[in-house]
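The values are calculated or read from the model by the stated rules, or taken from the named source; none is laboratory data. Quick caveat: nothing in here was measured; it's all calculated off a predicted structure. Glycine gets a Cβ as well: all are built from the backbone with ideal geometry, and neighbour counts include every protein chain shown. Accessible surface areas use protein heavy atoms only, side chains included; no ligands, DNA or RNA. Shrake-Rupley method; radii C 1.70, N 1.55, O 1.52, S 1.80 Å.
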Amino acid sequence: MIKRAVPRRAALLYFDCGFPFLQCPSYRLNFRKGFPVSQSILLIISGGIAAYKSLELIRELGRAGVKTRTILTRAATQFVTPLSVSALSGEKCFTDLFDLDDEAEMGHIELSRSTDLVVVCPATADLMAKAANGLADDLASTTLLATDKQVLFAPAMNVRMWQHPSVQKNVETLRAQGSVVLDPDEGLMACGEFGPGRLPEIDRIKSAILAALKPDTSLSGKHILITAGPTREPIDPVRFLSNHSSGRQGYAIANALSARGAKVTLVSGPVSIAPPTGADLVNVETAEQMLTACETALPADVFISVAAVADWRPANASDTKLKLKGGKDPVSMEFVENPDILKTLSKKSKSRPGLVIGFAAETHEVEKYAREKLRKKGCDWIIANDVSGDVMGGTDNQVSLYTEDDVEVSPDASKDQIADWIAERIAKALNAD
Ligand code: C5P
């Protein structure tokens, strides 16, 4: 008799559909420390090109110890198969309201209730419209109407669809009903257009799910002030001096901190990314405005200066558009130094936040400059990164956290994961006091 090395189900799936990770089904046992195994979500996958990314989400949630039950809409089955979904989740994948077997096994009411959270990923304009307006003509929409659990939507669609007033109205309705609708990411779409509408990064969806499942209160009661993005220093009414900062890292940190219960004030220069969920956003343009906004937001327990503040500004910005002189002489302009926001807040005698964190983006000799900055600016931590590659404006990062006598290096990861890494350390530092 042949002995089975792996359970029958895993072996069958591995040989049939060739998912190499099923050689070792133990990924399902790799639970997040302290995370109750009983947490489960019902994932509704609707029919968009981003549907394939939900497979990665199922795998990531499995690693975090979250059990995933799935429903595929009819359109979603054109993009992913029930077999691949159930292979990953280790659970039966439900597809049709009128499948008598499914109804006998588990009705849609039970399916919608025997879960801790309902997640729609990707959420198409169609399914959000149905949910917002109470339509129930298939298993997915019926389940959404029948559930008594929190629903989280991760939208993905063409930019014009996302911006359409009907879709925006439906999003507003869903939010007003108490559902969480994540803002989509911005970028190049499968259809070739550019703008907001891409499925949020899987890490962001996963963080939102974990936060909804088990609210982390390690920073509740703390006020954290963050600056992010570039500043714009006007030259004349149509020109300005600025830099390539996208604001992504600062926004990700704001998200990670509010997910831990902190009250976050985010003072942001001009960026083109979605506002963070749960933070008070103060939009500014210049370094001087950023400083005023920060001082107004005090007192704070923590100040994190992530913004790429312009070091100088034109000494005499013109009120009218500057004109070419038509000559061959070099054009010159006078600059004055901007206020150093980090230094100003670090050196405050009365309202200095208890923990002040600066960032150091360096192209070389990272440690030397980071330590120098720690001293000169008077902050408690410097989070340094090497920007000689494509970190600025990119989606990934790796940072080193310098304190007066220590250094800790983060993994090379997405900006969302780096934000989580930083938020964890802040929570630990504040809770150690
Ligand atoms: O001096 P440098 O720009 O390299 O220092 C970077 C750190 O200082 C960052 O945390 C940045 O947000 C902060 N900074 C500031 N105000 C400035 C310049 C930099 O807060 N004018």
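Summary table below
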| read-out | value |
| --- | --- |
| Calculated FRET value between Lys214 and Asp396, using beta carbons and R₀ = 25 Å, to 0.05 | 0.40 |
| Overall Cα dimensions of the chain, principal axis frame, Å, largest first | 83, 51, 41 |
| Met333, Met189, ranked by accessible area, largest first (probe 1.4 Å) | Met333, Met189 |
| Set of aspartates and glutamates with alpha-carbon distance to Lys428 below 20 Å, sequence-local pairs under 8 removed | Asp216, Asp301, Asp380, Glu404, Asp405, Asp406, Glu408, Asp416, Asp420 |
| Protein-only accessible surface order, largest first, of Glu110, Glu233 at 1.4 Å | Glu110, Glu233 |
| Förster radius 41 Å - calculated FRET efficiency between Asp280 and Thr320 (Cβ-Cβ, nearest 0.05) | 0.70 |
| Length gained when the stretch Leu188-Arg113 is fully extended (0.36 nm per residue, less Cα-Cα span) | 23.3 nm |
| Label point distance in nm, Tyr369-Ser388, each placed 7 Å from Cα along Cα→Cβ | 1.1 nm |
| Added length on full extension, which subtracts the Cα-Cα distance from 0.36 nm per residue, Thr296 to Ala413 | 38.7 nm |
| Antiparallel content of DSSP bridges confined to the chain, in %, to 5 | 30 percent |
| Model label zone, Glu91; criterion: amide N under 14 Å from point 7 Å along Cα-to-beta-carbon; scope the range 108-126 | 108-121 |
| Given charges at Cβ of Lys, Arg, Asp, Glu: the chain dipole, positive-most of His244, Leu182, Val399 | Val399 |
| Surface share of carbon and sulfur [accessible, 1.4 angstrom probe, percent] for the chain | 52 percent |
| Entries of Lys263/Lys350; Lys53/Lys130; Lys92/Lys149; Lys347/Lys368; Lys130/Lys214 with Cα pairs more than 25 Å apart | Lys130/Lys214 |
| Per-pair calculated FRET efficiency, R0 = 60 Å: Leu135 and Lys348 via Cβ, rounded to 0.05 | 0.60 |
| Per residue accessible area in Å² of the chain, where ligands, DNA and RNA are left out and the probe is 1.4 Å | 50 Å² |
| Solvent exposure, largest accessible area first (probe 1.4 Å, DNA, RNA and ligands not counted), of Ile202, Ile49 | Ile49, Ile202 |
